[in-house]
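So the structure is just underneath, and the comments pick up after that.
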Amino acid sequence: MEGLQRQVLSEAAYAALKARIINLVLPPGARLPLDQLAEQLRISPTPLREALTRLAAEKLVRFEPFKGFTVQPLLTFQELRHLHEVRLLLECHALENSAGRVSRRDLASLGEDVDAMDEVLNVSPLDVERFNSADARFHDRLISLAGNPMLTETYRSLNIHVQIARLFHRRGAEQSTAANSEHRRIVEALRRGDGQAAAEHVASHVRAVVRRLQAVGTEAYPPDVSGTGRVGQSRGKR
């Protein structure tokens, strides 16, 4: 019973800390003193350390000897660009292999996500957290169309860092409007039953996301030394 209780506490601490990191309540680079966190979360150090170790495995926090745990620093632009190369491959694969799996319910849910983002965009100032939440839900549904749980899990572990970068740099309404127009084109292709076209729209969208991230974080992200700043250039129509 004691082991089960510790597991429940560890899971609760993991969920609470993960939410605080994603929403920047615990910003990149923040120290995570065990005694203070244990007091805040009202748990003992053991389940807390288990939760932090789990977050470290997901690269949301890091541990350094004699220094303890800290929130993982914000990814550099090059790291984000590399992450998006993987993201492009995963999302395109999911849509190219979605034939026969996209139900009316799937299409309705994707359409609702796009509409939800439009609703957020119609209110000023832009609620970045709400938009990012709907954006993450939309892309999670796209990945789920492949019917591959391991693909979905891999994608989620990557996309967390994208959401954190967007919140940190507070992307504006103009960039978010452009992103949602791209979302709508993806859904329209899926409604036509054209997985290949949907994958091509996703590829275009992911490359545009990289450009927008660099644009909103100009000071943090210097221009790409290669002069391209682009992702997945070798990918084309098949």
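Summary of values
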{"quantity": "Residue in region 115-133 that is surrounded by the most Cβ atoms within 10 Å (Cβ to Cβ), counting only those that are touching a helix residue (DSSP H, G or I) at 6+ places or on another chain (Cβ under 8 Å) and modelled with pLDDT of 95 or more", "calculated": "Met117"}
{"quantity": "Residues of region 115-128 satisfying the condition of being outside any loop (DSSP other than H, G, I, E, B) and touching a residue at least 12 places away in the same chain (Cβ under 8 Å)", "calculated": "Ala116, Met117, Asp118, Val120, Leu121, Val128"}
{"quantity": "Filtered residue count, region 80-106, keeping only those that are within 28 Å of Arg211 (Cβ to Cβ) and touching a residue at least 40 places away in the same chain (Cβ under 8 Å)", "calculated": "18"}
{"quantity": "Filter pass, Arg54 being charged (D, E, K, R), surrounded by fewer than 11 Cβ atoms within 10 Å (Cβ to Cβ) and not assigned by TED's automatic domain parsing to the domain that holds Ile160", "calculated": "no"}
{"quantity": "Selected residue [surrounded by fewer than 18 Cβ atoms within 10 Å (Cβ to Cβ), more than 19 Å from Ile22 (Cβ to Cβ), free of Cβ contacts under 8 Å to residues at least 24 places away in the same chain and not assigned by TED's automatic domain parsing to the domain that holds Ala208] from Glu112, Glu64", "calculated": "Glu64"}
{"quantity": "Flag for Phe77 being at pLDDT 90 or above and touching a helix residue (DSSP H, G or I) at 6+ places or on another chain (Cβ under 9 Å)", "calculated": "no"}
{"quantity": "Residue list for region 139-173, filter: closer than 21 Å to Leu190 by Cα and in a helix (DSSP H, G or I)", "calculated": "His139, Asp140, Arg141, Leu142, Ile143, Ser144, Pro149, Leu151, Thr152, Tyr155"}
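Yes/no per residue for (1) on the phi > 0 side of the Ramachandran plot; (2) surrounded by 16 or more Cβ atoms within 10 Å (Cβ to Cβ); (3) in contact with a His (Cβ under 9 Å, 6 or more places away or on another chain); (4) touching a residue at least 12 places away in the same chain (Cβ under 8 Å):
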site: Pro149; (1), (2), (3), (4): no, no, no, no
site: Ser157; (1), (2), (3), (4): no, no, no, yes
site: Ile164; (1), (2), (3), (4): no, yes, no, yes
site: His169; (1), (2), (3), (4): no, yes, no, yes
site: Ser176; (1), (2), (3), (4): no, yes, no, yes
site: Ile186; (1), (2), (3), (4): no, yes, yes, yes
site: Arg192; (1), (2), (3), (4): no, no, no, no
site: Glu200; (1), (2), (3), (4): no, yes, no, yes
site: Ala203; (1), (2), (3), (4): no, yes, no, yes
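The values are calculated or read from the model by the stated rules, or taken from the named source; none is laboratory data. Quick caveat: nothing in here was measured; it's all calculated off a predicted structure. Reconstructed Cβ throughout: ideal geometry from the backbone, glycine too, with neighbour counts over all protein chains shown.
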